[in-house]
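Each remark here refers to the structure printed beneath this line.
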Ligand SMILES: Cc1cc2nc3c(=O)[nH]c(=O)nc-3n(C[C@H](O)[C@H](O)[C@H](O)COP(=O)(O)OP(=O)(O)OC[C@H]3O[C@@H](n4cnc5c(N)ncnc54)[C@H](O)[C@@H]3O)c2cc1C
């Protein structure tokens with residue numbers, strides 16, 4: 001008999017959270033801690049969504065998206081998770097750039113960037129100061145007409161090298177382009193520049209394990225292998241979810257599934273106003289990624305001066321288009337030294353990440369797909385040889401993930417790495433106005449995605465849902 005992953009589940013919960021990405025888990029944790037009855041349903045056999053890991057023979061652990069986040073994670077984890085998690089957030093100090101325009105190592109914060117821009121790039125100190133101040137003063141409600149390209153042109157006219165230094169890591173980090181609203185760049189860039197790039201010491205397996213334990217402590221009912229097939233909506237709003245052949249009633253639903261899937265697959269467009277559906281149709285998905293995971297043989301050492309994060313490119317100029325091209329010229333290498341998992345066996349791993357388009361991979365026959373993955377592996381090893389000479393002899397396991405892989409494991413349409421583009425945020429926020437008790441918390445646009453963005457968006461939505469549940473219970477008390 002197949003295992004019943006819903007065994008012991010209640011028939012009714014105050015809130016059902018669909019998906020255990022960082023936004024889903026955070027919102028579930030806050031609401032559980034506030035005393036609401038929360039059910040968290042994850043279709044995969046592991047928690048974490050894109051913030052997950054996998055194990056390969058030889059005790060090799062690979063992290064999917066543990067490459068770096070801003071210092072703000074410390075505060076968010078302390079407040080909305082616990083001190084133990086927050087205390088493991090540490091800075092990455094060796095951020096390297098290597099491309100035909102420049103090669104440098106930086107701590108990736110305002111002080112060091114100011115030094116680099118003035119001393120190495122010869123930019124006037126006043127322009128640098130004004131740029132940083134302008135970026136830092138941007139906030140969410142500002143005018144969105146100014147594009148990132150225009151912002152750069154204002155402070156560093158004609159300086160393609162400066163634009164590359166300032167933009168390449170952010171494009172890698174969240175797929176944003178020079179045509180996106182400048183505020184999306186300014187907010188994310190300033191978050192990093194405040195203190196630098198941080199990582200979780202212990203690895204994603206440790207982090208997600210600790211989050212799971214905290215969820216349980218806060219009374220959240222966590223279920224894996226529970227694929228929600230629909231959200232049932234009645235005259236007064238959400239009523240229930242359908243999962244693994246069972247109907248579970250609830251007072252509110254928070255979907256951490258992709259925004260477009262939530263609207264068009266889980267709920268169905270006939271449940272929304274026509275204008276809203278038209279607006280939702282305009283929401284663009286973000287691009288996807290490819291990754292190559294390389295495990296270093298036991299006993300082989302890699303010097304830490306190789307860098308923690310290395311933005312490498314052979315393209316003569318910075319072009320967003322080139323970053324997405326199937327003909328890869330830019331790769332971001334993340335180096336995982338034994339310090340990443342100090343409590344585990346001494347191991348090194350390297351992950352190469354590149355932005356990618358789903359359509360470049362989706363139509364390939366099985367044979368071509370396998371050949372393309374092999375080509376991705378071969379060209380990546382060739383590129384890495386410049387930084388770790390003899391890399392082919394130093395690794396004992398290599399494998400690749402493509403946009404198809406990301407779609408398969410997370411159900412993100414087209415394997416989108418960062419959910420939707422910026423316009424998704426307004427649609428996500430408008431869901432409860434359309435259907436009472438229906439919320440979405442998950443990657444929408446540049447600010448509300450990535451580890452920090454996802455967690456912070458989870459916090460915002462948890463507050464909304466808490467108020468919704470309070471209103472519903474006081475209404476019930478009045479009518480009782
Ligand atoms: C290759 C790569 C590298 C990245 N690197 C970084 C980085 O260095 N720093 C950074 O800050 N960010 C990085 N990110 C982005 C970051 O990982 C994500 O933005 C963030 O983890 C997304 O969290 P989320 O809450 O939106 O949900 P997701 O992680 O997208 O999770 C959604 C969850 O919902 C589940 N689900 C979907 N549909 C259903 C259903 N019907 N029923 C049940 N469950 C369902 C999925 O299985 C999944 O677990 C990277 C992303 C990728 C792809």
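Derivation of every value follows stated rules applied to the coordinates shown; laboratory data play no part. What you see is a predicted model, and the numbers here were worked out from it, not measured in a lab. A quick note on method: Cβ atoms are made from the backbone with ideal geometry, for glycine too, and the neighbour counts reach across all protein chains shown.
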Checklist entry - How fast does region 1-44 diffuse by Stokes-Einstein, in µm²/s, taking the Kirkwood radius from C-alpha pairs at 10 °C and 1.306 mPa s? => result 141 µm²/s
Item to check | Proportion of all alpha-carbon pairs of the chain beyond 36 Å (%) | outcome: 30 percent
Checklist entry - Cα extents of region 109-194 along the three principal axes, largest first, in whole Å? => result 33, 22, 22
Next on the checklist: I'd like the FRET efficiency for residue 357 and residue 408, computed as 1/(1 + (r/R0)^6) with the beta carbon distance as r and R0 of 22 Å, rounded to 0.05.
Outcome noted: 0.85
Next on the checklist: Ignoring everything except DSSP H segments at least 4 long, calculate the 222 nm mean residue ellipticity for the chain; use -39,500 (n - 2.57) per segment, divide by total residues, nearest 500.
Outcome noted: -11500 deg cm²/dmol
Item to check | Spherically averaged projected area of region 165-281 from its Cα convex hull (nm²) | outcome: 11.3 nm²
Checklist entry - In nm, to one decimal, how far is the residue 300 label point from the residue 90 one, both placed 7 Å along Cα→Cβ? => result 2.3 nm
Item to check | Cα-based helix-to-principal-axis angle, 125-137 vs the chain, degrees rounded to 10 | outcome: 10 degrees
Next on the checklist: Give me the one-decimal nm value for the distance between modelled label points at residue 111 and residue 473, 7 Å along each residue's Cα-to-Cβ direction.
Outcome noted: 4.7 nm
Item to check | Separation in nanometres of the label points that stand 7 Å from Cα toward Cβ, at residue 396 and residue 124 | outcome: 5.9 nm
Item to check | Linear extension gain, residue 45 paired with residue 269, 0.36 nm per residue minus alpha-carbon span | outcome: 77.7 nm
Checklist entry - Which of the peptides 270-276, 34-40, 403-409, 232-238 is most tightly packed, and how do the rest follow, going by the mean number of other Cβ atoms within 10 Å of each residue? => result 34-40, 403-409, 232-238, 270-276
Item to check | Contact order normalised by residue count of region 109-194, Cα under 8 Å, 6+ apart, percent | outcome: 41 percent
Checklist entry - Does region 423-470 classify as rounded, prolate or oblate by the C-alpha gyration tensor (a ≥ b ≥ c root eigenvalues; a/c under 1.5 gives rounded; else a/b over b/c gives prolate, otherwise oblate)? => result oblate
Checklist entry - By how many degrees, between 0 and 90 and to the nearest 10, does the Cα long axis of helix 182-195 differ from the longest principal axis of the chain? => result 70 degrees
Checklist outcome for this item: Rounded to 0.05, the calculated FRET efficiency for the beta carbons of residue 282 and residue 56 at R₀ = 51 Å is 0.80
Item to check | Extension gain (nm, one decimal) between residue 3 and residue 367, 0.36 nm per residue minus Cα-Cα | outcome: 127.6 nm
Checklist entry - Per residue, what volume in Å³ does the convex hull of the Cα atoms of region 248-333 enclose? => result 220 Å³
Next on the checklist: With only alpha-carbon pairs counted, each pair once and no self-pairs, how large is the Kirkwood hydrodynamic radius of region 285-397 in angstroms?
Outcome noted: 15.2 Å
Checklist entry - Using alpha carbons only, how many degrees (0 to 90, rounded to 10) separate the axis of helix 22-33 from the longest principal axis of the chain? => result 40 degrees
